[in-house]
1. Please give the number of the condition residue 115 fails out of (1) modelled with pLDDT of 95 or more; (2) surrounded by 15 or more Cβ atoms within 10 Å (Cβ to Cβ); (3) over 24 Å from residue 130 (Cα atoms).
2. Considering only segment 2-30, state which residues are at pLDDT 50 or above, exposed (fewer than 14 other Cβ atoms within 10 Å of the Cβ) and part of a loop (DSSP other than H, G, I, E, B).
3. Are any residues in segment 74-96 crowded, with 16+ Cβ neighbours inside 10 Å, over 19 Å from residue 31 (Cα atoms), out of contact with any helix residue (DSSP H, G or I) (no Cβ under 6 Å at 6 or more places or on another chain) and touching a residue at least 24 places away in the same chain (Cβ under 8 Å), and if so, which ones?
């Protein structure tokens, strides 16, 4: 009985602390007129073939914003994968929130596409692909 209880306490503790780990959101130097963009520097992971993955947060300046399906949101977080050598990126799992509550999600990665010059995609690519990142 004690082993079972101890195991449950450990499992609950791991679940709580695993979910409660903080992020280190840092504002990107380039910004849009519509939203503020931040990158979680603790989530940056370098992968194979000169790829880098990180979480991005978009905070709309006009709240709430609406998705094309009419769902209102005030926070958007998504995983991005950038290809440093080929100057491409792909958007991964995305989560939209309203007052801290999830309102819409999308899974999977989009097809890689070229980074558009003078865009937030380019600012993210530059931040993740610069030497020393």
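1. (3)
2. Of everything in segment 2-30, those that are at pLDDT 50 or above, exposed (fewer than 14 other Cβ atoms within 10 Å of the Cβ) and part of a loop (DSSP other than H, G, I, E, B) turn out to be 21, 22, 24, 29.
3. 81, 83, 88, 92, 96
The values are calculated or read from the model by the stated rules, or taken from the named source; none is laboratory data. What you see is a predicted model; the values in this text were computed from it and never measured. Cβ: placed from backbone, ideal geometry, glycine included. Neighbour counts: every protein chain shown.
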